[in-house]
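See structure below.
No value in this document is a laboratory result; all are computed from the given coordinates. Predicted model, so just to flag it, every value in this text is computed and none were measured. Heads up, the Cβs are rebuilt from the backbone with ideal geometry, glycines too, and the neighbour counts pull from every protein chain shown.
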């Protein structure tokens, strides 16, 4: 413990454990309850976008919106109270997402609109991975993430090469097909190349000249062949990946650092004593 | 053998071996015969759905329908008789499928309709894996299933991440493209995101604004890149998979448990003596 | 050598080496010359199918057709002469393909039509693998084929499961979407399921009801996920595959058996002395 | 050092290090500056292709075009001066690309047009890999390229087999579907087969007859299944690939050879002393 830290009162310790951790019954219940509210709020935003539902249930949506905003506001305040150094939470990824998913209702009340901010609410769904943490899925997702991290550099090089292929092939297709078939300009042709190389193939734009179709065939075969590259990279990483589960879900009551070793007694980040 | 089991008469033993097992000539013949009837019944349901066929051969379909229902009914009764504890069969997956694929004809006779239940008949095709069991394919399919089982947790985490990506990207596309291009509401936009991320790309809905196309490009490249993840997972599992064929196809005449070790003499589930 | 074999004259031996083998300069030249004629004949069939080309060059096509038919006829007769047991060649895969790609011109001369048989000419392109045999590609293609052979059983089980999924999902989609959206009958719906599960996604048929789109999403995610299975199978096989190049391209002058060990002096099939 | 080489003046040595290498601060700055100009030039070509942008900003495009052409011309001349044997640069891949991306403006000034040559400018983007060379990505991309090189032969055999499948299936589809559904001639049908086999599936052409759809289903399942082959090949190569980073980015000031071992003091190509 660093000497300039004030001692934390017991009720704050308990609140921290309930709100920020998921390995006590109360903590798990809190996390699941919040997740249920998040899922309901996302479902409501979805349903509101369906025009006949908005017309029929506009009052119900209005009420539900304010109830959820209320719950999210209370949760945000509790999170600020429960932690010793609130700044660490406020400027963390989840802190910003939590704030942004509460604000739009208030902003909409004053200015109207603010639809874009509702999209941020979907980001709160990522909290689900917090709950998965205490289940047996944690080991699996850690391996997933570690394998992906190891192959990140290789995959970036690959995506870069794919992008350059698309720029070159797109310019070529624009020159060959011209504006008749929908290849009106180079950015659009590059978009079409991405659609084709990734084997999505919407078909809203498709080549009509023999030469354009020949180039398209080459792009398709390239896309079909080089998908082997990222797959090969990740497969090789997975084969190497070692099984070493870390199940310690303690979060530091002082600085909220969450990655601790199983037998950690003090926070490796700020030296504060963990509630073990 | 548990003491409360009545001794099973010999004819019942023989019937059980013919109906539930596939490693005697008679048993194999019975299984293949039933499979042929199942394939014919599925083909008939298919053909009935083609309107000109239904008009032309409606009488023939009617007769064939009742013949097949008769065969399935007899088979179901035989299965009930041949087993010592019929409840285990009745409430097993195959027992329910077998019942549901016999009922629609009778229900249709009384109420009309009941088309949905005919779809269940296709599930009976799964019996084919019962017959494959005695061939050399069994070892192969066991390895397939075991590798898939081992990678289940990792693949679920992956599919969950894919779903969250689709929810976020779908909300964004709805806001960017609006209702003009077919992104009328968020659920529809999420559907479009799934179509795009999985590289299916029907093209019935496609972005038309430059920003929408940019986001679509990102979704496609993401989908093209992350298909490496499940592939890598399964590849790594297959590399680990060991060759250990289990060819014992004995099913317990008492409780119908089917998974026994090669040298098992008693059922590991109820202790009944196996016909070895 | 078996006693009932007549001694083979030297010119026949030489002819056999030129026509059936590819490891002498003359043999390689003969194979490449025939391959060039095959490629020209396939290109001609392609060009003939383009209507404006047929109208403009119909006389040239007619002449070229008869020249190629002449070359193929002479080649077929030479192959019959060069081998000691012509029946083995006549009833082999290449023998039948060679005959069927020569016949349509003669048949068309007498009856007209016979277009279908022209398609068989494309099969002659497979001869290219005969020439690749002597290059360094042989080792590579052998590994490819051996890995595919080892994974055949597993891939068949997989394709079988895919087919059953398509039958069940197709029946369901027909019931859910009805005839409005193009899911007119079950075979058509199954076709749509295959288009969707394999992530091809033409878009000529696409679901329009919310429930139909939900099921479609599940099919797409399934298709996106299970492509990992064949990939995993083949990857694991390739990792196991050993490098053991076999470069002996001797074909037996008596029975035409083509797979011999590097140091083989007699045909392992009929005991005839090889030209080593 | 070979005796017929003239001694290189110091300023030339310094210029060479700045222009051709990327491991000194000045060299890295030069490379990044040129890359920024390349990206701007590619972006300008893209924007010029959008018709409303060309109309509105035609004067700005004209000026920017000549500024970029000027920079590229000066760069080209500097590259010629900085190297001892200019011919090696002029006839190298990058040398030709650099020349061709400077010429179109001059040619367009004299003759008008020359749009096609602008497409070549996109090829200059490949210089980005030169800069990546000094970062930690170099090791990664080298492994990528080495794994791809090792699997080149196997992948070529695979692509060849895919092409033959497409030719045979395309001929068949033309015969089955005829001109009604868009399968007007064999080359077009082969194009459609490539679209389908690679699981792109534009949907501009789609089969309508039951038999055509059956064949299409087989093509799709084949395409879905055999994508496992290149993936398996590359995965196996990656598993084998060894980690041996080579970070020496010295380029020979005499002959410009760029691949040197870490502790190389003389160019392995011409024996010239490296600036280490």
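Put a point 7 Å out from Cα along the line to Cβ at residue A:56; what are the distances to that point in the other copies, in nm, shortest first?
Taking the point 7 Å beyond Cα along Cα→Cβ, the inter-copy spacings are 4.4, 4.4, 6.2 nm.
Bins of 10 Å, beginning at zero and ending with the bin holding the largest distance: percent of Cα pairs per bin for region C:152-243, please.
Reading the bins upward from 0: 17, 44, 23, 11, 4, 1.
Just checking the output field for C:184-195: average partner chain Cβ neighbours within 10 Å of each residue's Cβ? Could the numbers behind the result be given before it?
On the way: counts 3, 9, 11, 8, 5, 2, 4, 7, 1, 1, 8, 11.
Average neighbour count from other chains, rounded to a whole number: 6.
Quick check: pseudo-label points 7 Å beyond the Cα along Cα→Cβ at residue A:11 and residue D:10, how many nm apart are they?
7.7
If you take each beta carbon of peptide A:34-44 and count the beta carbons of other chains within 10 angstrom, what is the mean?
Details: counts 0, 0, 0, 0, 0, 0, 0, 0, 5, 2, 0.
Mean number of neighbouring Cβ atoms from other chains: 1.
For region D:11-90, take N as its residue count and report Rg(C-alpha) divided by 2.2 N^0.38 Å. The partial results should precede the final answer.
Numbers: Rg = 15.8 Å, N = 80, 2.2 N^0.38 = 11.6 Å.
Relative to the 2.2 N^0.38 Å estimate, region D:11-90 comes out at 1.36.
Mind checking the mean number of beta-carbon atoms from other chains within 10 Å of the Cβ atoms in B:164-175?
Working: counts 7, 1, 3, 8, 8, 2, 4, 12, 3, 1, 5, 5.
Mean partner shielding for this stretch: 5.
By per-residue mean of other Cβ atoms within 10 Å, what is the highest-first order of D:44-50, A:178-184?
Values: D:44-50: 20.1, A:178-184: 15.7.
Output ranking for D:44-50, A:178-184: D:44-50, A:178-184.
In nm, to one decimal, how far is the modelled label at residue B:29 from the one at residue D:156, with both set 7 Å along Cα→Cβ?
5.7
Going 7 Å from Cα along the Cα-Cβ axis for the label, what nanometre distances separate residue D:77 from the same residue across the other copies?
Spelled out, the distances from residue D:77's label point are 7.2, 7.3, 10.3 nm.
Using a basic spin-label model with each label point 7 Å from the Cα along Cα→Cβ, how many nm lie between residue B:92 and residue C:66?
It works out to 7.2 nm between the two label points.
Once the label point is set 7 Å along the Cα-to-beta-carbon vector, what list of distances in nm do you get between residue D:40 and its counterparts in the other copies?
5.6, 5.6, 7.9
As an exercise, take the mean of 1/r over every pair of distinct alpha carbons in region D:170-209, invert it, and state the Kirkwood radius in angstroms. Display every interim value, and only then the final one.
Working: mean 1/r = 0.1029 Å⁻¹.
For region D:170-209, the Kirkwood estimate is 9.7 Å.
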